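Have a look at the structure below, then the notes.
The values are calculated or read from the model by the stated rules, or taken from the named source; none is laboratory data. Because the structure is predicted, anything quoted here is derived from the model rather than measured. Glycine also receives a Cβ, built like all others from the backbone with ideal geometry; neighbour counts cover every protein chain displayed. The protein model used for the area step is the full one, side chains on, heavy atoms only, and it has no ligands, DNA or RNA in it. Shrake-Rupley method; radii C 1.70, N 1.55, O 1.52, S 1.80 Å.
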Amino acid sequence: RWGQSELIALMADRCGVSGDARVTSGLDVIDPERTLAGLDAFAERLAEVARRRVPVLLGTGHPHRLLGFYGGLADALSAAGCEILTPAMGRRVDITTRFGLRTHNLDYARGVALVREPGARSSGCETGAHTHSPLPVRTVLAAAAEGGGPLPGLVIGDHGWVCGAGQLGFETMGLADTDDPALFVGEAEGRVSVVVPLDDAVRSDYYRPLTRYVLNRACLSQ
């Protein structure tokens, strides 16, 4: 269990936000040097995975913003010989939210897993639902195991996609904002390999330089 003071100290260390518990209003500011350090570690791990050609699962709870980032990674990893896993497509997932139980359907766009509300457009579009739930990744991993594999050697994503897989013992890494402490806790506890601190809700095209940076550092640029 993490106490409030411990959690604030962790976020100050990993993101560069204020470590003063008396600061209760205003904007958080992420230290760009910590973001760059996270991206470097992310790229280093990505290069190793590509070299070994291990199967990879990518998933996001922020499809409107981050799908392009993960999709670029999926394209590069696939070109390098990694299998991009897409099990449980169309599978139903019931997620408890603050509004009650909501049913979602698993889908993939550009090789990236996400969930959609019933009736939402599919066929590769980005209109997925925002979620922090670990249930989608558990459903995907269970389907992969039931089907005889392969299982991912690395899970890349955010929110519950990273934490849920990490809790099950899979190697994971991903992106997290200052209001997403779970990933940083997972990293501190050794359940998550790499977490990159960044704002996860800006325009999707703002992440293109990050995609280029990571792929260049990992020697995966196409």
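What the table shows:
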{"quantity": "Ranked packing of 139-150, 9-20, most packed first, by mean Cβ within 10 Å", "calculated": "9-20, 139-150"}
{"quantity": "Segments 32-44, 90-102, 107-119, 164-176 sorted - mean Cβ within 10 Å per residue, highest first", "calculated": "164-176, 107-119, 32-44, 90-102"}
{"quantity": "Of all accessible heavy-atom area on the chain, the percent that carbon and sulfur account for (1.4 Å)", "calculated": "48 percent"}
{"quantity": "Separation of alpha-carbon centers, the range 132-157 and the range 180-199, rounded to whole Å", "calculated": "19 Å"}
{"quantity": "Estimated [θ] at 222 nm from DSSP helical runs (n ≥ 4, -39500 (n - 2.57)) normalised by residues in the chain, nearest 500", "calculated": "-12500 deg cm²/dmol"}
{"quantity": "Relative contact order computed over the chain (Cα-Cα under 8 Å; 6+ residues apart), in percent", "calculated": "25 percent"}
{"quantity": "Per residue, in Å², the accessible surface of the chain once ligands and nucleic acids are set aside, probe 1.4 Å", "calculated": "49 Å²"}
